[in-house]
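The structure under discussion appears below in the form of structure tokens.
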Amino acid sequence: MEPDLLHGVTDAVATVVLHHPAKRNAMTAAMWAALPPLLDTLAADPAVRALVLTGAGGTFCAGADISTLQGSSQEAQELAVRAEEALAAFPKPTLAAVRGHCVGGGAQLAVACDLRFAEEGAQFGVTPAKLGIVYASTATRRLVSLVGPATAKYLLFSGELIDTERALRTGLVDEVLPVDGLEQRVAEFTRVLVSRSQLTQAAAKEFANGRGDRDAHWSAQARGSGDTAEGVAAFLERREPRFTWTTSG
């Protein structure tokens, strides 16, 4: 099979698989270019309430497949940045499920997700200093906001890989799971995500990502959604809520 982005939707969770196992799922130019329109399609699907990004086999993504990135390094970086920005802007919760190497462009994609769960033994690295590449300002700021300036500088200045213990300690990952425990934990947690209010999640994501001050907009959405009334009723009746608001409004 050619390098590709595999995807499917099960129980309201879309899964996107980076599939290039011959090169540890390194992203080809075509894979970078295909990610934004795929995300647009999944975002518009009312059946999708959360998204998981992962890699085929035993690794997440070893970065960019340099052999497929013709032209200047600037053009290659622009492809990666467009994919990263599309992932960061995805309107529903996103989770990177990481095994093995999560390096370079792979780390860029993982950091663009809302959450990162990793299997023990995974390794993380941000490696432009090994290639003489200027890391994009948007990617740098996103990394700094996640792990702080000191850890971001360590990763960017050195290009060294760090293990899951350090990644967890610095905030690069949210949970570390035993070997063979990642898939089950991701399934459990995404079931929680899809059961919650999309209204709450969408507003919280916008606020947390610093995309402006739209309190009035979200208050109006809450008043018209019925989600608050349903949440309170479900709590009082000791049942699971049935929220109906979607990102399409």
Quiz item: What does the highest-first list of 44-53, 230-239 look like by mean Cβ count within 10 Å?
Solution: 44-53, 230-239
Quiz prompt | Calculated from backbone phi, Karplus (6.51, -1.76, 1.60) coupling profile of the range 91-107 in Hz, x at Gly/Pro | solution = x, 10, x, 10, 9, 8, 9, 10, 10, x, 7, 10, 10, x, x, x, 5
Self-check item: Rounded tilt (10° steps) of 198-208 against the dominant C-alpha axis of the chain
Solution: 50
Quiz item: What is the sum of charges around Ala129, taking Lys and Arg as +1, Asp and Glu as -1, for the other residues whose C-beta is under 13 Å from the C-beta of Ala129?
Solution: +1
Exercise. Evaluate E = 1/(1 + (r/R0)^6) for Glu175 and His7, where r is the Cβ-Cβ distance and R0 equals 25 Å; express this FRET efficiency to the nearest 0.05.
Key: 0.60
Practice problem: Note the angle between two axes, namely the Cα long axis of helix 182-195 and the longest principal axis of the Cα atoms of the chain, as a number of degrees from 0 to 90, rounded to the nearest 10. | Solution: 40
Practice problem: Work out from phi, with θ = phi - 60° and the Karplus expression 6.51 cos²θ - 1.76 cosθ + 1.60, the ³J(HN,Hα) of each residue of the range 227-239, listed in order in whole Hz, and give x for Gly and Pro. | Solution: 5, 5, 4, 5, x, 5, 4, 5, 4, 5, 8, 6, 9
Exercise. With runs of 4+ DSSP H residues as the only contributors, calculate the mean residue ellipticity of the chain at 222 nm using -39,500 (n - 2.57) per run, divided by the residue total and rounded to the nearest 500.
Key: -14000 deg cm²/dmol
Quiz item: What's the angle, to the nearest 10 degrees (0 to 90), between helix 29-43's Cα axis and the longest principal axis of the chain?
Solution: 0
Exercise. Enter the per residue convex hull volume of the range 197-237, computed from alpha-carbon coordinates, in Å³ rounded to the nearest integer.
Key: 58
Exercise. Hey, can you grab everything whose amide H is under 5 Å from the amide H of Val52? Only 5+ residues off in sequence or another chain; H modelled, so Pro and N-termini drop out.
Key: Ala14, Thr15, Val16, Leu95
Quiz item: For Rg/Rh (Cα atoms, Kirkwood Rh), the choices are [x] 1.04; [y] 0.98; [z] 1.06; which was calculated from the structure?
Solution: [y]
Quiz prompt | Qualifying aspartates and glutamates (Cα of each under 18 Å from Cα of Lys130; at least 8 residues distant if same chain) | solution = Asp65, Glu160
Quiz item: Distance in nm between label sites at Glu120 and Leu168, each 7 Å beyond Cα in the beta-carbon direction?
Solution: 0.9
Practice problem: Out of all DSSP beta bridges with both ends in the chain, state the antiparallel percent to the nearest 5. | Solution: 30
Exercise. Determine ³J(HN,Hα), in whole Hz, for all residues of the range 132-147 in sequence, where each value follows from phi through the Karplus function 6.51 cos²θ - 1.76 cosθ + 1.60 and θ = phi - 60°; x replaces Gly and Pro.
Key: x, 9, 7, 5, 4, 4, 5, 5, 5, 5, 5, 5, 4, 5, 7, 10
Quiz prompt | Long-range HN-HN contacts of Val98 with modeled amide H, under 5 Å | solution = Phe117, Ala118, Glu119
Quiz item: Of all DSSP beta bridges located in the range 87-170, what percent are antiparallel, nearest 5?
Solution: 20
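None of the figures in this text is laboratory data; all of them are computed from the coordinates on show. All of these numbers come straight from a predicted model, not from anything done at the bench. When we count neighbours, we look across all protein chains shown, and the Cβ atoms used for this are built from the backbone with ideal geometry, even at glycine.
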